[in-house]
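In what follows, a single structure is set out as structure tokens and then discussed.
No value in this document is a laboratory result; all are computed from the given coordinates. The model shown is predicted, which means the values in this text are computed figures rather than measured ones. Cβ coordinates were reconstructed from backbone atoms using ideal geometry, including for glycine residues, and neighbour counts include every protein chain displayed.
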Amino acid sequence: MELVAGDAQTLAAAGLAATALSGLLWYIAKRRRARPEARLKSAAREMLTAILVPDGDDGQVHIDYALLTHEAIVLAEVRQVEGHVFGSNAMQDWTVISPRRRFTFSNPQPGMYDRVAAVQRLLPQAAVRGVVLFADGADFSKGLPSHVMLVDDFVAELEQGRQTEPPVALRDSWSQLRQEAVSAQVNQLLRS
């Protein structure tokens, strides 16, 4: 009987450890999804957040994140959605279906194309690309549309190139973008 009691204690301890481990993994996964900005900042060489840049038509364009990488200036927008996302390059509205609700939102690609065009107008010599990032709880079962990535995949891509220094010309363009963003924000404050 003592052998059975010892086995029961071992089994109970193993069950408790498994429960604690699964809770820890859930917490880590939830925290990673909730903090994409911190993850982007740690993976990129440099990052600007919530900047305004001239759009070329006496207006301004808002950019959520501008990141300096080893090969380009990347403009990013993060969408915090969980569930199955149905969207494509040709669809005007995209749909999210989750266990709790269903909703639609406008295709984010055209807005990103406008942001990239505005920055390319400012920095014609720089490599500029745009990406719409989705929290890791998003599932694109039909495949990812162009210029769309999951945060995890994008961060992994950034980390791969982190060891390579950006070319001097790209660093110069980054400095110019930083100056333009500051000027646009000051002008916005003066207009208010």
14 Å beta-carbon shell around Pro167, net charge (K/R +1, D/E -1): -1
Pair Arg100, Gln179: separation of 7 Å Cα→Cβ label points (nm): 4.7
Net charge of neighbours whose Cβ lies under 14 Å from the Cβ of Gln179, counting Lys and Arg as +1 and Asp and Glu as -1: -1
Label point distance in nm, Glu159-Arg171, each placed 7 Å from Cα along Cα→Cβ: 2.5
Leu144/Glu46 FRET efficiency (R0 22 Å; Cβ-Cβ; nearest 0.05): 0.25
Proxy reagent accessibility, fewest Cβ within 10 Å first, across Leu48, Leu75: Leu48, Leu75
Cβ-based exposure ranking for Tyr65, Tyr113, in which fewest neighbours within 10 Å come first: Tyr113, Tyr65
Spin-label model distance (nm) - Gln125 vs Asp57, 7 Å beyond Cα toward Cβ: 2.9
Residue-count net charge about Gly130 - beta-carbon cut-off 10 Å; Lys, Arg +1, Asp, Glu -1: 0
